[in-house]
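The values are calculated or read from the model by the stated rules, or taken from the named source; none is laboratory data. Here the structure is a predicted model, which means the values were calculated and not measured. Every residue, glycine among them, receives a Cβ derived from its backbone with ideal geometry; neighbour counts consider all protein chains shown. In case anyone asks, the SASA skips ligands and DNA or RNA and just uses the protein heavy atoms, side chains included. Shrake-Rupley method; radii C 1.70, N 1.55, O 1.52, S 1.80 Å.
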Amino acid sequence: MKPMLPSLTFDPPIRPEWLYEVKYDGFRALLEWENDHLQLISRNGKSLLPQFPEIQEFLERNAKLFLPFLPLQLDGELVVLENRFKANFSAIQGRGRLKSEKKIQEQATITPCHLLVFDILKIQGRDLLSVPYIKRKEELSKLFNAVHFNRNPDTSSLQLLQCIEPYTDFQEIWRNVVLYDGEGIIAKQKTSLWKEGKRSEDWLKYKNWKYVSCFITEMDKTNHYFGVGVFKEKDVYRLGKILFGLKPEEKQILSQTLKHNKQNEDAQFIYVEPAICLEVKYLEVFENELREPYFDRFRFDLSVEDCSFDQFMLQQKNLPTDLEITHPDKALWTEKDIKKSSYIHYLREISPQILPFLSNRALTVIRYPHGIHGEAFYQKNCPDYAPDFVQTYTDNGIDFILCNNVETLIWLGNQLAIEFHIPFQTIRYSGPEEIIFDLDPPSKD
């Protein structure tokens, strides 16, 4: 049975009567369970159970719970779950390539995968293909409630079969996908039917692209793919090849331009000096190349020197687009060669973990404008030049900053706020919400 597939859109799919699911990066899988016969079939019709025995073991341990609902057919994604909104693509690819049964079993025990279910196609032998999507989601929720399974992805859960619940608010799900660096979302029409083997406009995938400013390095004469790269110091650092996103006339003009300005040529490639700058969108870096690269636009406003490896690394973090990072090369910890850009990267990386602790708490920061060994100062009042997205709270004449979003966190990092101090209570309550025990080790004396 071939799965139904979504169509790609580059426009936010905000539409009435549509719902939104997190898109996880893994292996599409159809679970077919009839009495003692259990199958997990890939998009290409191959059995996934030999490669992922932990799924079969988990389901067989819980067979009594599912017995009243068989025959059962579920549609989902087999993933290595990194957080609630992101799966690790390179990790699942690594699992899929393992050949040794011993290695497979080791990984199944150490890092078990999850089957995230987003659709139900059959229950108790009853075919649901002609039932609208919203009704199928209701049936799926009933199933998970009946077997007492959690209905949302959870990295800490021992349940290897988990459910993907839909959102009604596009902005809410999109904020979380961006914050947690997820792959994207799937938008689905409430009345859509499950159409076997069809790529449908009733399901739309909208991806969380990253962007890189780069230049063209060569053209492959066999398929007209264009190689792109950036400067890493004085050397060209290659990022891979692009083709998709270019209009036919753009491909033709580029091909002619490269042929007329070639630096070198061999049986397969035409090589050129870096000169043509463009912006490419992609999902992530996989095996040292851009994954799913798409041409976005030409950057005639840039010089090739602007297309640097440092800038590429900065853009990888998907920083808020309306924020300019000033003086990214400023040294903060000179003995460790840690620059301001590295600190900004770190804040973006930990933002899903730190923001819940900072949210709605009056913030005091210690800023180090000249690096960690320079003169520092405390700041409580929000400065007049703060951007509009910075929320504040006034108490005892002090206009405190509230770090309630990733934009504010990165802005504070750009201001070289290194220490973040918060009270035990939020702005909504007068009493503390936390208690901390400071246990000092006893003196050796």
query: Only one residue in Arg28, Arg15 is over 21 Å from Phe170 (Cα atoms), within 26 Å of the chain's Cα centre (by Cα) and surrounded by fewer than 21 Cβ atoms within 10 Å (Cβ to Cβ), so which one is that?
result: Arg28
- prompt: Can you name the condition, by its number, that Arg15 falls short on among (1) in a loop (DSSP other than H, G, I, E, B); (2) touching a Gly at 6+ places or on another chain (Cβ under 8 Å)?
  reply: (2)
- request: Being open to solvent by less than 20 Å² (accessible area, probe 1.4 Å) and polar (S, T, N, Q) is the filter; apply it to segment 182-212 and report the residue that is nearest to Tyr133 (Cα to Cα).
  value: Ser192
query: Just one of Arg61, Arg28, Arg97 is touching a residue at least 12 places away in the same chain (Cβ under 8 Å) and among the basic types (Lys, Arg); which is it?
result: Arg28
statement: With criteria (1) open to solvent by less than 90 Å² (accessible area, probe 1.4 Å); (2) within 30 Å of Phe89 (Cα to Cα); (3) in a strand (DSSP E or B), Arg297 comes up short on (1)
field: Odd one out for Phe52 among (1) within 20 Å of Trp209 (Cα to Cα); (2) more than 18 Å from the chain's Cα centre (by Cα); (3) of a type in the set (Phe, Trp, Tyr)
entry: (1)
- line: For segment 255-277, the count of residues that are more than 32 Å from the chain's Cα centre (by Cα) and open to solvent by less than 30 Å² (accessible area, probe 1.4 Å) equals 4
message: Is it the case, given these coordinates, that Phe215 is farther than 26 Å from Val80 by Cβ, free of Cβ contacts under 8 Å to residues at least 40 places away in the same chain and buried (at least 19 other Cβ atoms within 10 Å of the Cβ)?
response: no
message: Take the residues in segment 232-254 that are hydrophobic (A, V, I, L, M, F, W, C), open to solvent by 20 Å² or more (accessible area, probe 1.4 Å) and within 26 Å of the chain's Cα centre (by Cα); name whichever of them is modelled with the highest pLDDT.
response: Phe244
task: State whether one or more residues within segment 350-367 are open to solvent by less than 30 Å² (accessible area, probe 1.4 Å), touching a residue at least 12 places away in the same chain (Cβ under 8 Å), of a type outside the set (D, E, K, R) and under 30 Å from Ile242 (Cα atoms).
output: no
query: Is there a residue being polar (S, T, N, Q) and touching a Ser or Thr at 6+ places or on another chain (Cβ under 9 Å) anywhere in segment 430-438?
result: no
- prompt: Do we have any residue at all in segment 159-166 that's touching a helix residue (DSSP H, G or I) at 6+ places or on another chain (Cβ under 7 Å), within 28 Å of Ser90 (Cβ to Cβ), assigned to a strand (DSSP E or B) and not aromatic (Phe, Trp, Tyr)?
  reply: yes
